[in-house]
1. Do we find a residue being in the same structural domain as Gln45 (by TED's automatic domain parsing) and in contact with a Pro (Cβ under 6 Å, 6 or more places away or on another chain) anywhere in region 108-131?
2. Identify the single condition in (1) within 15 Å of the chain's Cα centre (by Cα); (2) modelled with pLDDT of 65 or more; (3) part of a helix (DSSP H, G or I) that Asp4 does not satisfy, given that it satisfies every other one.
3. What's the number of the only condition in (1) at pLDDT 80 or above; (2) within 26 Å of the chain's Cα centre (by Cα); (3) not assigned by TED's automatic domain parsing to the domain that holds Asp36 that Ala160 fails to meet?
4. Restricting attention to region 97-121, and to residues there that are more than 17 Å from Gly180 (Cα to Cα) and of a type in the set (A, V, I, L, M), which single residue is modelled with the highest pLDDT?
5. Restricting to region 86-131, and then to whatever is assigned to a helix (DSSP H, G or I) and small (Gly, Ala, Ser), can you tell me which residue is surrounded by the fewest Cβ atoms within 10 Å (Cβ to Cβ)?
6. Please work out if Ala126 is at pLDDT below 85, over 27 Å from the mean Cα position of the chain (by Cα) and more than 30 Å from Thr37 (Cβ to Cβ).
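The values are calculated or read from the model by the stated rules, or taken from the named source; none is laboratory data. These figures come from a predicted structure and were not determined experimentally. Glycine gets a Cβ as well: all are built from the backbone with ideal geometry, and neighbour counts include every protein chain shown.
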Amino acid sequence: MVGDLIDPDDERFHSSRGMFLVMQGVAESCRHAVVDTIPYVPWGQEELPSNLEPFRAALLALPPGQLRRLWRTPELDPTLHAVYHALLEAEGRRSERRNTAWETEELAQCQLAREIIQPPFVTLFAPSWRTSTVLALAREIDQTGAFDRLPTLADALEQAGCADPEILGHCRVPGGHARGCWVVGLGRAKE
């Protein structure tokens, strides 16, 4: 997550090593929370098709050497090999679900962090940009959650003299906006 969010070697982040470490901690917490929603199950306890379930105990009773031979030579016992294969496939599917959930949550957390944390290299919000139109739009967006109005806010900021590509670009990125948007906060800061 942190590598997707900020690069500590980026010249614009000359004083953000602390920010990087904080985000690393947040990422680790999110990772554990998401992975815990799909519990770990030892491979031998994974779900099996009902026709193979009666053979689970026999497979799990095999010593490791016999288990390895069974894997390499399925014809020794095709039924136990099918059980072994089904358990490993179920374990793989569970692992894939956990990884997918983690990656999905990680991307959502990165998007949220980009939404609420102002990049440190953004131009200071000039008082002249806080026109009545900018203030009214920022207030409306903040109070109603009408984030589809952010491109209009970008237009109003541009008309007020803002040329910062980070501010304007953030407003014009479709979707993914949330309450606490750093641009809306900047627009309302001196109200």
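1. no
2. Every condition holds for Asp4 apart from (2).
3. It fails just one condition, (2).
4. Ala101
5. Ser128
6. Considered against the rule, which asks whether it is at pLDDT below 85, over 27 Å from the mean Cα position of the chain (by Cα) and more than 30 Å from Thr37 (Cβ to Cβ), Ala126 comes out as no.
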